[in-house]
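Everything below concerns the one structure shown next.
The values are calculated or read from the model by the stated rules, or taken from the named source; none is laboratory data. Please read all numbers here as calculations on a predicted model, not as lab measurements. Here the Cβ is made from the backbone with ideal geometry for all residues, glycine too, and neighbour counts use every protein chain on show.
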Amino acid sequence: MRTVEWTEAGLDVVDQTALPQVTRVTLATVDDVVDAIERLVVRGAPLLGVVGALGVALAARRSAHSEDGYRPDLVHAAAERIASARPTAKNLRWAVTEVLPGIADGHQTVLLRALTLLREDVEACRAIAQRGADLITELCGAGRPLTLHTHCNAGALACVEWGTALGVVRALHERGAVHLVVVDETRPLLQGARITTVELAALGIDHRVVVDGAGPSIIARGLVDAVLVGADRITANGDVVNKIGTYPLALAAARAGIPFVVAAPESTVDAATPDGASVPVEQRAADEVLTVGGTRMTPPGSDAWNPAFDVTPADLVTAIVTESRVLRTS
């Protein structure tokens with residue numbers, strides 16, 4: 001199953017707010033694309049990039065078929081709206097920027113480039129999976145099934161298909177090298193409990209869900225062989241920006257002396273940003289924290305901080321795996 005397909009009606013995507021129920025929706029306009037990105041109907045850095053690029057292609061096609069004729073200026077304006085929908089993940093703006101040169105040549109050129117990015121995401125994820133599986137085997141030793149700990153969702157549903165960090169788990173599972181996967185629920189929107197578990201169950205991989213606060217303690221008890229996560233941005237110095245709650249796992253892994261490995265495509269590496277302190281961290285609505293299933297869990301007047309991401313310093317990262325290399329950062 002692919003998370004996104006280009007159709008005559010628009011972008012056919014899996015609605016990730018409905019998971020674990022699998023529902024597909026059509027994004028027919030730029031407004032639909034921006035809303036889907038902001039509401040996390042589509043999420044995951046690689047998928048955001050592909051959807052962003054296809055969103056520009058959608059804008060270009062609609063402009064070409066409008067009564068006023070093709071307007072490259074309006075397509076550029078739509079592209080900027082899409083690229084700005086979520087500020088932290090590098091892949092979104094990167095992919096939109098990749099298709100911008102084609103706008104002057106017409107909507108078919110934009111679409112061809114966007115579809116190329118879709119295909120390249122699939123190829124990159126498969127390469128990351130095999131390279132990452134080799135690295136985990138090297139770091140942890142062969143000959144025994146491993147217990148791996150992950151956070152948020154970095155599987156097929158965060159990409160076009162296959163996945164990054166969970167793609168590595170999948171590759172290890174196919175080698176008979178996975179005993180158990182520990183899945184943080186990933187508050188406040190439960191991407192781990194709602195999404196990662198769906199993928200692991202479909203693959204037949206044994207797993208246990210834990211509340212976010214339990215993750216570091218489980219690592220400290222010696223129950224985990226390695227931590228494996230994705231990334232939304234990797235800065236020039238090797239700092240890793242990922243879903244909030246990643247940093248405590250890195251601290252626990254360092255204390256326990258186990259590998260903390262990041263799996264992400266090269267497009268996530270941001271050589272223009274010096275360090276994690278320079279990355280804008282998206283602040284999401286307080287209601288995501290204060291309410292559960294539409295019911296408020298706190299008294300009136302209580303407010304919340306809801307950063308969507310945190311920064312793991314490079315010295316806590318054992319290695320970063322991309323489709324083309326392994327970066328040793330500590």
Checklist entry - When Thr88 is evaluated against the numbered criteria (1) among the polar types (S, T, N, Q); (2) in the same structural domain as Gly10 (by TED's automatic domain parsing); (3) in a helix (DSSP H, G or I), which criterion, by number, is the only one it fails? => result (3)
Item to check | Which listed residue, of Cys159, Cys152, is crowded, with 21+ Cβ neighbours inside 10 Å, within 19 Å of Val13 (Cα to Cα), in contact with a helix residue (DSSP H, G or I) (Cβ under 7 Å, 6 or more places away or on another chain) and modelled with pLDDT of 95 or more | outcome: Cys159
Checklist entry - How many residues, within the range 1-30, are acidic (Asp, Glu), under 21 Å from Ala78 (Cβ atoms) and touching a strand residue (DSSP E or B) at 6+ places or on another chain (Cβ under 8 Å)? => result 2
Item to check | Which listed residue is more than 14 Å from Trp6 (Cα to Cα) and touching a strand residue (DSSP E or B) at 6+ places or on another chain (Cβ under 7 Å), from Val42, Val33, Val96, Val51 | outcome: Val42
Checklist entry - Name the pairs whose Cβ atoms lie under 6 Å apart, with the first residue in the range 249-276 and more than 15 Å from Ala319 (Cα to Cα), the second part of a loop (DSSP other than H, G, I, E, B) and of a type in the set (Asp, Glu), and 6 or more positions between them or separate chains? => result Asp275/Asp239; Gly276/Asp239
Next on the checklist: Yes or no: the range 241-252 includes at least one residue that is surrounded by 20 or more Cβ atoms within 10 Å (Cβ to Cβ) and farther than 27 Å from Val292 by Cα.
Outcome noted: yes
Checklist entry - Would you call Asp68 on the phi < 0 side of the Ramachandran plot, surrounded by fewer than 24 Cβ atoms within 10 Å (Cβ to Cβ), out of contact with any Ser or Thr (no Cβ under 9 Å at 6 or more places or on another chain) and assigned to a loop (DSSP other than H, G, I, E, B)? => result yes
Checklist entry - Does any residue of the range 291-305 turn out to be closer than 22 Å to Val50 by Cβ and surrounded by 15 or more Cβ atoms within 10 Å (Cβ to Cβ)? => result no
